[in-house]
1. Give the residue list of GluC sites (Glu not before Pro) in region 37-115 that are DSSP loop and have at most 15 other beta-carbon atoms within 10 angstrom.
2. Under the Karplus relation 6.51 cos²θ - 1.76 cosθ + 1.60, θ = phi - 60°, what is the ordered set of whole-Hz ³J(HN,Hα) values for region 288-299, x standing for Gly and Pro?
3. What number comes out for the charge environment of ASP287, summing +1 per Lys or Arg and -1 per Asp or Glu over other residues with Cβ under 11 Å away?
4. Out of region 210-307, which GluC sites (Glu not before Pro) are coil in DSSP terms and have no more than 16 other C-beta atoms within 10 Å?
5. Mind checking the dipole of the chain: about its Cα centre, +1 per Lys or Arg Cβ, -1 per Asp or Glu Cβ, Debye to the nearest 20?
6. Taking a spot 7 Å from the Cα of ASP287 along the direction of its beta carbon, which residues of region 255-273 have an amide N less than 15 Å from it?
7. Taking a ≥ b ≥ c as the square roots of the Cα gyration tensor eigenvalues, with a/c under 1.5 meaning rounded and otherwise prolate when a/b beats b/c, else oblate, which class fits region 219-351?
8. If amide hydrogens are placed 1.01 Å from N in the peptide plane, which non-local residues have theirs closer than 5 Å to the one on ILE95?
Amino acid sequence: MSGHGDPILMTARKSAALHGVAEVPGDKSISHRALILGALSVGRTEITGLLEGQDVLDTAKAMRAFGATVTRNGPGDWTVEGVGVGGFAEPEDVIDCGNSGTGVRLIMGCMATSGITATFTGDASLRKRPMGRVTDPIALFGARAVGRQGGRLPMTIVGAADPVPVSYTTPMPSAQVKSAVLLAGLNAPGQTVVTEREATRDHTERMLRGFGADIRVEETAEGRVITLQGQPELTGQKVAVPRDPSSAAFPVCAALIVPGSDILVPGVSQNPTRNGLFTTLVEMGADITFENLREEGGEPVADLRVRSSALHGIAVPPERAASMIDEYPVLSVVAACATGTTVMRGVKELRVKESDRIDAMARGLEACGVTIEEDQDTLIVHGLGAGNVPGGATCATHIDHRIAMSFLVLGLASQAPISVDDGSPIATSFPAFEGLMVGLGAQITRGA
Ligand code: S3P
């Protein structure tokens, strides 16, 4: 059964100005999709810049278990020889997706319309997360799911041997659910239609088109309507994975709150379905310039020049939530160092991430001397202003990489050091985090 290694206590201390170039790793969402779409294609997919975090490595292993040939040629440089749409073989053993909700939900989607059976599990965090949001729509195609109470892993999916196409409106803003339905729709005859009321990250749609699928997106009064023609022949592609804006968020926010900092974060995706944090930071008074706007790997990217800034709290528009859903933990850290109040509403999806991120941030910020308010769908942070966060706590990370990195960023600008009880989950998305931050001048160490 999946676990993660021994806990790694890590500590961040008040740091001098951060300087240098922060080259963050490849995008996690795009990396998962590159491997999965490569496996569902005919021929060879060549991937550069793949994120080699544990989440993505677990997806690579899963694609091998379903019959694809996945080879690592060098750092970030991978090839996938696919089996084609509908070509998945039945895995011989349980598929362990580790910590990755994206991995398990997307893979459940793409095996749900082939006549095979697979059993999925994950680590203690993933085994708590709801899978009903994916098993409900794949049941409409004809797949069956048997899991633990509350739709939790371990879970067995019996794929539909004779799938029917589906029209589905996602009940929550979730790119994972949307993507699972689209991937299931690949092997159903006819048209599968997914409607989402609020736009979520659109990498699956962009990449499906790039791999040769017939996919149409319309903006309507009901939301974004995505129509996919089933049973296409996808063909292997070259995929250059752009850098991950969700990982860039950590050095960017650190530079904003550590006085005198001035850093460059090159090649960060500016995809409008992902860049809500940067818009929010600028509204809070952040000095960020977006240089060399260009296209890389089918995504708009820019080099971000970030200088430390006097920040003020704002009310983040709830309709922006989907475009920055993974960035609220680190935003709440920035909010603690800003003057005034930052109000984050419409964020209940944070409660079902790798941890309950509203609770994890609220408890940790309180332990660091910051006043917060919360309800099921809201987090409010009363900022103390630059240099005024007391710190001096050990924060629980709940097997959640973004909680660990967020509190380590706060420790760089708090009066007393901040520790996290377990930094090991950082390896799921940003294995180079510690070295990269230390290289900029951050005082982050292992131990107390
Ligand atoms: C992701 C979608 C988001 C996000 C996750 C990655 C994806 O989850 O939180 O880190 O790659 O599709 P939801 O779809 O559950 O919002």
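1. Passing sites in region 37-115 are GLU92.
2. Per-residue couplings from phi come out as 10, 10, 9, 9, 6, 4, 7, 10, 9, x, x, 10 Hz.
3. Once positives and negatives cancel, what remains is +1.
4. GLU222, GLU233
5. 280 debye
6. From region 255-273, the list is 255-264.
7. oblate
8. Under 5 Å from the amide H of ILE95 lie the amide H atoms of THR119, PHE120, THR121, each far enough along the sequence or on another chain.
The values are calculated or read from the model by the stated rules, or taken from the named source; none is laboratory data. Predicted model only: the values in this text are computed from it and were never measured. FYI the Cβ positions are ideal-geometry reconstructions off the backbone, even for glycines, and counts take in every protein chain you see. Heavy atoms of the whole protein, side chains included, go into the accessibility calculation; ligands, DNA and RNA do not. Shrake-Rupley method; radii C 1.70, N 1.55, O 1.52, S 1.80 Å.
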